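Contents: one structure, followed by commentary.
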Amino acid sequence: MATTIIDGKEVASRVREGLKQEIAALTQAGHTPGLAVVLVGEDPASQVYVNSKVKACEELGIYSQKWALPAETSQEELVELIHRLNADPRIHGILVQSPPPPHIDEEAVILNIDPRKDVDGFHPVNVAKLVLEDATGFVPCTPLGCMELLKAYNIPTQGKHAVVIGRSMIVGKPMAHLLVSKQANATVTIAHSRTADLPALCRTADIIVAAVGRPEMVKADFVKPGAVVLDVGINRVEDATRPRGYRIVGDVDYAGVSEKCSAITPVPGGVGPMTIAMLMANTVKACRQLTQGA
Ligand code: NDP
């Protein structure tokens with residue numbers, strides 16, 4: 001059986017197209033969705049992410065504010081800005097780009113974001129809503145994007161065994177909650193760095209989600225023939241043959257695993273493009289909920 005290459009770019013572009021109509025309707029009703037993106041410091045990768053988020057807003061007709069604050073910005077100044085954004089009726093979504101400089105306590109900052117505007121889904125209220133399966137909450141964009149990919153490719157989850165490798169609050173844990181929810185009905189195992197015999201565990205999986213941050217760690221011998229593999233990883237590895245001197249690879253050994261699985265997300269072009277699309281979706285949802293109460 002041929003392996004399905006899950007095209008995240010294509011699905012993300014469909015998600016964005018689908019949002020345009022709702023954005024137009026909200027705008028016509030006087031409520032243009034608005035996103036504030038806050039960056040502290042000059043981390044080059046963060047600058048790229050922030051700029052692509054702002055660009056995505058522009059393309060869809062979402063109002064955006066980009067706040068690029070100097071690295072020495074204090075925690076108090078950052079929190080003060082967040083309080084202003086909480087009170088700004090033009091802004092429905094607030095995002096503080098991670099990671100902030102080391103003197104900033106990221107968790108304390110997130111606690112100051114109005115949960116109704118927490119489009120990253122990191123505030124404890126939204127974490128609780130995810131666990132409670134309360135649809136008014138915000139789910140972190142990357143795992144939400146993974147679920148959209150499964151839906152877009154009609155990949156069944158009910159009764160399947162999913163192994164999520166990684167237990168971060170950004171990807172692994174929310175991913176596991178989404179898969180075990182009554183919407184998806186998978187049986188879920190969360191693996192991490194202390195899991196015993198990860199390859200053997202993964203071989204029992206119908207669905208593997210790799211969110212580890214280790215280049216090409218998941219090898220063909222982790223994969224049961226016919227399993228579905230979602231690769232969340234974004235890792236830079238040195239490559240002298242590339243003009244930039246590096247290439248981007250996932251957490252999955254694509255060449256080996258794609259021979260064995262039934263469907264796989266490539267890196268780049270798989271899960272990555274979904275993250276920003278889901279951020280746009282969360283911003284539109286926040287606008288709808290704040291202005292229409294629905
Ligand atoms: P974290 O570093 O926060 O978490 C990594 C997880 O992997 C941890 O739970 C860790 O276990 C586990 N882990 C580490 N080594 C092993 C191992 N040898 N065996 C099993 N588990 C292991 O990373 P993130 O969740 O933030 O990100 C994961 C990957 O996804 C990264 O490559 C990141 O760049 C990418 N990413 C991609 C996004 C996208 O838009 N596509 C968005 C966010 C992240 P432990 O808890 O025990 O330390």
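No lab work stands behind these numbers, since they all come straight from the coordinates. It should be emphasised that the depicted structure is a prediction, and the values quoted were computed from it without experimental measurement. Cβ: placed from backbone, ideal geometry, glycine included. Neighbour counts: every protein chain shown.
Full extension of the chain segment joining ARG214 with GLN65 gains 50.3 nm, where the gain is 0.36 nm per residue of separation less the Cα-Cα distance. Rounded to the nearest 10 degrees, the angle from helix 75-87 to the longest Cα principal axis of the chain is 80 degrees.
Neighbour counts of C-beta atoms inside 10 Å place MET280, MET1, MET147 in the sequence MET1, MET147, MET280, starting with the fewest.
Partners of LYS129 within straight-line reach, counting lysines whose Cα lies under 26 Å from its Cα and excluding those fewer than 8 residues away in the same chain: LYS53, LYS117, LYS151, LYS160, LYS173, LYS182, LYS285.
Taking R0 as 35 Å, what FRET efficiency do you get between ASP221 and LYS151 from their Cβ-Cβ distance, rounded to the nearest 0.05? It would help to have the intermediate numbers written out before the result.
Values: r = 29 Å, r/R0 = 0.83.
That pair, ASP221 with LYS151, gives E of 0.75.
When the alpha-carbon atoms of region 63-126 are used, the pair Rg, Dmax equals 11.2, 31 angstrom. Taking amide hydrogens as placed 1.01 Å from N in the peptide plane, the amide H of LEU69 sits under 5 Å from those of LEU39, VAL40, GLY41, each at least 5 positions away in sequence or on another chain. Taking amide hydrogens as placed 1.01 Å from N in the peptide plane, the amide H of TYR153 sits under 5 Å from that of no residue at least 5 positions away in sequence or on another chain. Within the chain, the proportion of C-alpha pairs whose separation exceeds 24 Å stands at 52%. What angle, in degrees between 0 and 90 and rounded to the nearest 10, separates the Cα long axis of helix 8-28 from the longest principal axis of the Cα atoms of the chain? Here the helix axis deviates by roughly 20 degrees. Using θ = phi - 60° in the Karplus curve 6.51 cos²θ - 1.76 cosθ + 1.60, the 3J(HN,Hα) couplings for region 191-196 round to 10, 8, 5, 9, 5, 7 Hz; x is entered for Gly and Pro.
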